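Enquirer: Sending over a structure as structure tokens; questions will come in a sec.
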Amino acid sequence: MIAALEALLRLKEGNDRFVADLRGRDASGGQTRRNELAADQEPFAIVLGCSDSRVPAEIVFDQGLGDLFVIRVAGNIVAPSQVGSVEFAAERFRTRLVVVLGHSMCGAILATLEELERSRESQSPNLRSIVDRIRPAVEGLVSTEPRLNRDVLVQYAVRANIRASASQLRHGSPVLEQLIEKDGLLIVGAEYSLDTGVVDFFDGAPAPD
């Protein structure tokens, strides 16, 4: 088992390599690695990320086959299936780091802000289910006085949604609560910048020494 802080350091170092365009190793994995993983896996981090095609966790953290247990859903929202997936990996594989990975200019956030500003009756009920999970985290920002300009509003909303998802994982599952309290599970929130490629671990991550 890899401790949470060591896992977090691995992700930070991998992101540094990605930003510098220096691949650490063959992240695609060869036959030997595939054979090793055929019977079992030991991912060192769980990543609940957005489905956006520009933010594949294995690439932005420069990791390979079997390194990350990745759950992707639009808006990196937390619903029962996502909670269950995190519980499964944390218990089955003893993975001790969970990262909620959002990103700048998230389409699900933009859709939620648009819905708050001008409700659309024609919106698909499936898409609305995503918007409704993001809404509580960001609706207070829309009514802020003085009103935030659009770019700042989106930036704040992205981070508010990440914080809300991380908090839901920390406090919405007895299984995860027990692992946090007794077994060193760490849940952090992070934002990936589409412009720079940098991942900022801003919520729940220990301050550097």
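The values are calculated or read from the model by the stated rules, or taken from the named source; none is laboratory data. Quick caveat: nothing in here was measured; it's all calculated off a predicted structure. Counting neighbours? That spans all protein chains shown, and the Cβs are built from the backbone with ideal geometry, glycine included.
Enquirer: Do we find a residue being out of contact with any Ser or Thr (no Cβ under 6 Å at 6 or more places or on another chain), among the charged types (D, E, K, R), exposed (fewer than 15 other Cβ atoms within 10 Å of the Cβ) and in contact (Cβ under 8 Å) with a residue 40 or more places away in the chain anywhere in region 51-72?
Expert: yes
Enquirer: Just to be sure I understand, how many residues within region 161-209 are under 13 Å from the mean Cα position of the chain (by Cα) and assigned to a helix (DSSP H, G or I)?
Expert: 9
Enquirer: Let me ask something additional. So in region 123-160, with the set limited to residues that are of a type in the set (S, T, N, Q) and surrounded by 13 or more Cβ atoms within 10 Å (Cβ to Cβ), which one is nearest to the chain's Cα centre (by Cα)?
Expert: Only one residue tops the list, namely Q155.
Enquirer: Among the numbered criteria (1) modelled with pLDDT under 95; (2) among the charged types (D, E, K, R); (3) surrounded by 13 or more Cβ atoms within 10 Å (Cβ to Cβ), which one does D203 miss?
Expert: (1)
Enquirer: If the requirement is being more than 22 Å from G102 (Cβ to Cβ) and either free of Cβ contacts under 8 Å to residues at least 12 places away in the same chain or among the aliphatic types (A, V, I, L, M) (or both), which of these qualifies: A45, A20?
Expert: Answer to the selection: A20.
Enquirer: Can you tell me which residues in region 29-51 are touching a Gly at 6+ places or on another chain (Cβ under 7 Å) and at pLDDT 95 or above?
Expert: Residues satisfying the conditions are P43, C50.
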